[in-house]
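Presented below is the structure to which this report refers.
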Amino acid sequence: MNIPTNLKYTKDHEWVLLEGEIATVGITDFAQKELGDIVYVEVETLDQTLAKDEVFGTVEAVKTVSDLFLPLAGEIIEFNDALESSPEVVNSDPYGAGWMIKVKVSKVSDFDELLSSETYSALIGA
């Protein structure tokens, strides 16, 4: 199970990379394995400001549809357009090319409240 130590995580299986006040968000390796083959990623919240834990989109796999929860409050400023034509990249590269959104974070200090890689590993039993 791949759980990079430079990222923070949520109990809902999103990962976050914070650079200044911009957070890149995607789903974890664990989440993509649980979902199976991803066929569609939908984010209709571009240019909207959402609260922490609000649904910012959905990811659809062959067997299920799962909500995506925003790990940090802020404005969604970018969607990974490559996922429109190649959603399966979330399965093959969840921490790289499979990122989902970029968020201008309202309160950078909230990042410290997210799970460390060690805590997330314990959560999923890895």
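Values in this text are rule-based calculations from the coordinates and carry no lab data. Since the model is a prediction, treat every value here as computed from it, not as a measurement. Glycine also receives a Cβ, built like all others from the backbone with ideal geometry; neighbour counts cover every protein chain displayed.
Pull up all non-local amide H partners of Ala61: gap of 5 or more, or a different chain, and H-to-H distance under 5 Å with H placed in the peptide plane.
Distant-sequence amide H within range of Ala61: Val39, Ser66.
At q = 0.09, 0.17, 0.22 Å⁻¹, what base-10 log of I(q)/I(0) does the Debye formula yield for the chain when every alpha carbon is treated as an equal point scatterer in vacuo?
-0.21, -0.80, -1.36
Going through segment 1-83, which trypsin sites (Lys or Arg not before Pro) have at most 15 other Cβ atoms within 10 Å and a DSSP loop state?
Those that pass, being in a loop and sparsely packed, are Lys11, Lys63.
Can you list the lysines whose alpha carbon sits under 18 Å from that of Lys102, skipping same-chain ones fewer than 8 residues off?
Those lysines meeting the cut-off are Lys8, Lys52.
What does the convex hull of the alpha-carbon atoms of segment 45-109 project to on average, in nm²?
Over every viewing direction, the Cα hull of segment 45-109 projects on average to 4.6 nm².
Per-residue ellipticity at 222 nm for the chain, helices alone: DSSP H runs ≥ 4 residues times -39500 (n - 2.57), over residue total, nearest 500 deg cm²/dmol?
Values: 4 runs with 23 residues, N = 126.
The helix-only estimate for the chain comes to -4000 deg cm²/dmol at 222 nm.
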